[in-house]
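What follows is one structure encoded as C-alpha cells, with my remarks underneath.
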Amino acid sequence: MPATSSAQLFLVDSVNVDDAALAKSSAWLSAGEAARYRGFVRPHRQRQFLIGRTLLRMALAELLGCAPEALLFEQLAGRAPRLLKPAPGKGGAAPGFSISHSGQWVACAVSADTALGLDIEVLDPARDIDALAEHAFDDATHARWRAAAPAQRMAQFYRLWSEREARLKLGQSPGEPAPGCLVLPHPELSVVLCSALPLAVAPRIELRAL
C-alpha cells in the first residue's frame, strides 16, 4: 500500500490584519527575508509578503512544537524559502510548506513529512481568460479548458491555472503526474494543493487571524 501523508491549510484575510501587530513579526525575518521585504516597491505586495511569512512561522511552529521566532529560513532567489532551523533529525523527514496569495487573501499549507505546492487565485470574471489561457496553457491543457461547457469555463480555467502553479511550486513540470493534487472548495477562491505523497484526507481550509 503506497505511503500517504497529511497537511494543514490556513487562510488569512489581510483586510482583518492589524498593521501594528503585524509589524512586530518583522523581527522574525532572517536577513535574506528582511532584504526581500524591503525590496518590494508596492506597499500591498510588501504587506502580503510579511503576512505570508508570519503565517508560515505560526503554522510550522505549531506543527514542530517550537516558537515562531526559533524558525530560520534561507531566502532563495526566485524559489521558495528553505527551512534551516530546526533541522530534521538524522533520517527524519523534512517538513513541507508552501505559501500563496491573491487579492486580499494569503494562504499557507504545511505538512510534517511531504513537499507541498499551493496556489490560490481570486475568481475574477472580469479577467480576459481567453487571452490568459492562450498564453499560459500548453496544447493539452488548453484543449481540456476549451472542452468545458461555456457556463463552466471560468471555473475550469482557474482550476487548471491553480493546478499548473501548484505543480510548479512542487517542482514538477506541467505534464508530470502529481500523486496528490486536490481542488479545495472556497466561495471566492480557486484553491489547489499538490503534494509529493498522496494526502490521506483532504485538509479543510482554516481561517486564521494573525
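Compared with the alpha-carbon gap, the fully stretched path from Ala94 to Asp130 is longer by 9.0 nm at 0.36 nm per residue.
For the range 59-195, the share of DSSP beta bridges that are antiparallel, to the nearest 5, is 100%. For the chain, the list of Cys residues with no other Cys C-beta under 4.7 Å reads Cys66, Cys108.
Dividing the summed helix terms, -39500 (n - 2.57) for each DSSP H run of n ≥ 4, by the number of residues in the chain produces a 222 nm estimate of -10500 deg cm²/dmol to the nearest 500.
Can you figure out the FRET efficiency of Arg204 with Asn16, using R₀ = 22 Å and their beta-carbon distance, to the nearest 0.05? E(calc), rounded to 0.05, equals 0.70. Cα axis of helix 153-170 to longest principal axis of the chain: angle in degrees, 0 to 90, nearest 10? Once rounded, the angle reads 40 degrees. Rounded to the nearest 0.05, the FRET efficiency derived from the C-beta distance between Ala3 and Leu63 at R0 = 22 Å is 0.75. If only the Cβ of Lys and Arg carry +1 and only the Cβ of Asp and Glu carry -1, the dipole of the chain around its Cα centre is close to 460 debye. Among Ala126, His142, Gly78, pick out the residue whose Cα is farthest towards the positive end of the charge dipole of the range 73-153, where Lys and Arg carry +1 and Asp and Glu carry -1 on C-beta, about the Cα centre. Working it through, the farthest residue towards the positive pole turns out to be Gly78. Relative to one another, the C-alpha centroids of the range 98-125 and the range 41-86 are positioned 13 Å apart.
For the range 8-208, relative contact order (Cα pairs under 8 Å, six or more residues apart, normalised by length) works out to 22 percent. Report, in degrees rounded to the nearest 10, the 0 to 90 angle that the Cα long axis of helix 43-64 makes with the longest principal axis of the chain. Taking the Cα atoms of the chain, the angle to 43-64 is about 70 degrees.
No value in this document is a laboratory result; all are computed from the given coordinates. Fair warning: this is a prediction, and the values are worked out from it, not measured in the lab. In this analysis, Cβ positions are derived from the backbone assuming ideal geometry, glycine residues included, and neighbour counts consider all displayed protein chains.
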